[in-house]
Amino acid sequence: MVILLLSILERLANLLEVDDYFYDVLPPDKANIVEKLQQEGKTVGFGWY
């Protein structure tokens, strides 16, 4: 499963065949999302441009 956590358009996630993604997320919320995903045993990665 691939999950994308970036402020991007849904189209990019679809083009990359991402299973799930988050957008327009503030830094404190990002930390909560990452922590939850890691607790579920998922690998989390970040990207920026």
Considering only the range 18-42, state which residues are modelled with pLDDT of 85 or more and part of a loop (DSSP other than H, G, I, E, B).
26, 40, 41, 42
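If I filter the range 7-17 down to residues being outside any helix (DSSP H, G or I) and loosely packed, with under 13 Cβ neighbours inside 10 Å, which single residue comes out as modelled with the lowest pLDDT?
7
The values are calculated or read from the model by the stated rules, or taken from the named source; none is laboratory data. Keep in mind it's a predicted model, so treat the numbers as computed, not measured. Don't worry about glycine lacking a Cβ; one is built from the backbone with ideal geometry, like all the others, and counts go over all protein chains shown.
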